[in-house]
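Take a look at the structure below.
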Amino acid sequence: AGTSEDQAEVARLPMDPLMRGLYELTLDRPDAVLRELASNRPWDLTEKAYYLFDPMLDRLRDEPAFQGWLARQGLVEAHARAAAWRRANPVR
């Protein structure tokens, strides 16, 4: 993630919420993603699919904020199917 100066420079860049959250995860700051999940903004299909499948988010999947987001988006069943697919098709 670079030096603290690099991080400060990146933090000033305009980023959509998805990219901002992923950047924060690279810095081991999952709270930023959890705050974003708690927001009531509209989520597009690309973002929803990303949050269902990306292994980078695995450590957040049991968090109440993540579970609440799934419920608000109507994705509880889709998430369960995605998790089953990921277990059957591990990344090598």
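If you go through region 39-60 and pick out every residue that is out of contact with any helix residue (DSSP H, G or I) (no Cβ under 8 Å at 6 or more places or on another chain) and either within 28 Å of Ser4 (Cα to Cα) or surrounded by 13 or more Cβ atoms within 10 Å (Cβ to Cβ) (or both), you end up with 3. Kindly indicate whether Glu36 is acidic (Asp, Glu), without any contact (Cβ under 8 Å) to a residue 40 or more places away in the chain and either exposed (fewer than 11 other Cβ atoms within 10 Å of the Cβ) or more than 29 Å from Arg92 (Cβ to Cβ) (or both). In short, yes.
Of the residues making up region 42-82, those that are of a type in the set (Asp, Glu) and in a helix (DSSP H, G or I) are Glu47, Asp58, Glu77.
Being more than 10 Å from the chain's Cα centre (by Cα) and either under 20 Å from Asn40 (Cβ atoms) or surrounded by 10 or more Cβ atoms within 10 Å (Cβ to Cβ) (or both) is the filter here, so list the residues in region 3-19 that pass it. Spell out the reasoning first.
To start, the set of residues in region 3-19 that are more than 10 Å from the chain's Cα centre (by Cα) comprises 3-16.
Those that are more than 10 Å from the chain's Cα centre (by Cα) and either under 20 Å from Asn40 (Cβ atoms) or surrounded by 10 or more Cβ atoms within 10 Å (Cβ to Cβ) (or both): Asp6, Gln7, Ala8, Glu9, Val10, Ala11, Met15, Asp16.
From the set of residues in region 20-33 that are open to solvent by 50 Å² or more (accessible area, probe 1.4 Å) and of a type in the set (D, E, K, R), which is nearest to Asp62 (Cα to Cα)? The qualifying residue nearest to Asp62 (Cα to Cα) is Asp31. Residues of region 47-67 that are closer than 17 Å to Tyr23 by Cβ and free of Cβ contacts under 8 Å to residues at least 12 places away in the same chain: Asp54 alone. Kindly indicate whether any position in region 83-90 is in contact (Cβ under 8 Å) with a residue 24 or more places away in the chain, surrounded by 13 or more Cβ atoms within 10 Å (Cβ to Cβ) and farther than 17 Å from Asp16 by Cα. Looking through region 83-90, at least one residue is in contact (Cβ under 8 Å) with a residue 24 or more places away in the chain, surrounded by 13 or more Cβ atoms within 10 Å (Cβ to Cβ) and farther than 17 Å from Asp16 by Cα.
The values are calculated or read from the model by the stated rules, or taken from the named source; none is laboratory data. All values reported here derive from a predicted model rather than from experimental measurement. All Cβ positions, even for glycine, are placed from backbone atoms using ideal geometry, and neighbour counts span all protein chains on display. The accessibility values were calculated without ligands, DNA or RNA, using every heavy atom of the protein model including side chains. Shrake-Rupley method; radii C 1.70, N 1.55, O 1.52, S 1.80 Å.
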